[in-house]
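Bear in mind these aren't lab numbers, they're just calculated from the coordinates by the rules spelled out. If you're wondering where the values come from, they're calculated on a predicted model, not measured in any experiment. Virtual Cβ from ideal backbone geometry, glycine too; neighbours counted across all protein chains shown.
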Amino acid sequence: MIPDYYEFCNSTKILSGEYALENIPVELKALGAKKALILCDETLKKIGTMQIVLDAILDQGIEIRAEFTKIPPDSSIDVIEQVVTIYQEKACDCIIAIGGGSVIDTAKGVRMILSQGVSNMMELAGCEMITYGKHIPFIAIPTTSGTGSEVTLVAVILNQLQNVKMEFISYYLLPDVAVLDTRMTMGLPPKMTATTGMDALCHAIESYTCMQKNPLSDSYATAAIGLIRDNLIEVCKNGKDKKRRLAMANASLMAGVAFSNSMVGMIHAIGHALGGVSRVPHGEAMAILMPYCMEYNLDCLEELYAELLLPLAGPEVYSNTPKEERAKKTIEVVKNMREELNKLTGLPLL
């Protein structure tokens, strides 16, 4: 059903596949940039993931002016302000973010402050509070397959003084380029693969059932769910499978595009509260909450949950399930997936 009115935007250029990293210098030159600030975290630097990116770009005329790797699991205002100072002191002209949601959200925060010329980030909190501003070239390289932050208009930043996660929402937060390279997720441990994969699944399910859903976001959401169905459990069994790793990276990205345009619901609302107050890792919170929140919403979302059984379980299960039982079957499939991932990886269920 076509809504009377909707908006959809995905302006980020996608580079996906083996050796995608080697194309970054071409993209930076097209953006008029060559003096990069690298954002990463200590773990990715230690295990060599950051170095893979540097090796791919350093021999092509890109200068690394600064590196910042002291990024916590929850991006914070304090860290963002430190990075802004480094960017300015080192006269950088672009940002390359290598990591999961926290690293990419940190980059979005840095770009926000620089592009808007403000000193207090809280001036920009909320929905569509910023304009285009000064363009700061920004390339995002995700190292997990879950947040979809490389293609979303959302940045979640921890306000440490208030102990709450703040949301910053604007189409001007979208990176210029997102790079999906098989080398970035090959070393992801099974449990992290499972938790980030369930985060991506939650993005897709909530985007499909959110009030701002539209035909374009629906197409991204259902495609993402199909890829997760076919690849998540298998890649947890064999993390060296390049094709499945790339499939999950694309699933995460597509789910990110979907919810970036339709938004999410109560699973994320409760999950962000748990993260802000109790420091529950985001992917784990999504895996724990998902079936229970779906059960709570069943009365008002039964028809949409029933539709999701097809991409989530496949045509055979869908056709063999009576119409009136499909919504509950969808929730059952989510529960079964969680339980299998729990046995394989230790994914928490409670």
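Within the range 246-294, if we keep just the residues that are touching a Lys or Arg at 6+ places or on another chain (Cβ under 6 Å) and without any contact (Cβ under 8 Å) to a residue 60 or more places away in the chain, the residue that is nearest to ALA194 (Cα to Cα) turns out to be PRO291. Here TYR208 does not qualify as surrounded by fewer than 20 Cβ atoms within 10 Å (Cβ to Cβ) and either under 16 Å from the mean Cα position of the chain (by Cα) or among the aromatic types (Phe, Trp, Tyr) (or both).
Against the test of being over 21 Å from TYR318 (Cα atoms), part of a helix (DSSP H, G or I) and in contact with a helix residue (DSSP H, G or I) (Cβ under 7 Å, 6 or more places away or on another chain), the options ALA247, ALA224 yield a single qualifying residue, ALA247. Looking at this structure, is ASN231 within 30 Å of GLY187 (Cα to Cα), surrounded by fewer than 24 Cβ atoms within 10 Å (Cβ to Cβ) and in contact (Cβ under 8 Å) with a residue 24 or more places away in the chain? No, not satisfied. Evaluate the following for SER252: is it under 27 Å from VAL179 (Cα atoms) and assigned to a helix (DSSP H, G or I)? Here the answer is yes, as SER252 does meet what is asked. When we screen THR131, THR147 for residues that are buried (at least 24 other Cβ atoms within 10 Å of the Cβ), touching a residue at least 12 places away in the same chain (Cβ under 8 Å) and under 24 Å from GLU7 (Cα atoms), the only hit is THR147.
Here the range 234-244 is the region considered, the condition is being in contact with a helix residue (DSSP H, G or I) (Cβ under 8 Å, 6 or more places away or on another chain) and touching a residue at least 40 places away in the same chain (Cβ under 8 Å), and the residue that is surrounded by the most Cβ atoms within 10 Å (Cβ to Cβ) is VAL235. Note on the range 308-328: residues that are charged (D, E, K, R) and either touching a residue at least 40 places away in the same chain (Cβ under 8 Å) or under 24 Å from ILE270 (Cβ atoms) (or both) total 1.
Summed over the range 1-58, residues that are surrounded by 12 or more Cβ atoms within 10 Å (Cβ to Cβ), acidic (Asp, Glu) and without any contact (Cβ under 8 Å) to a residue 12 or more places away in the chain total 1.
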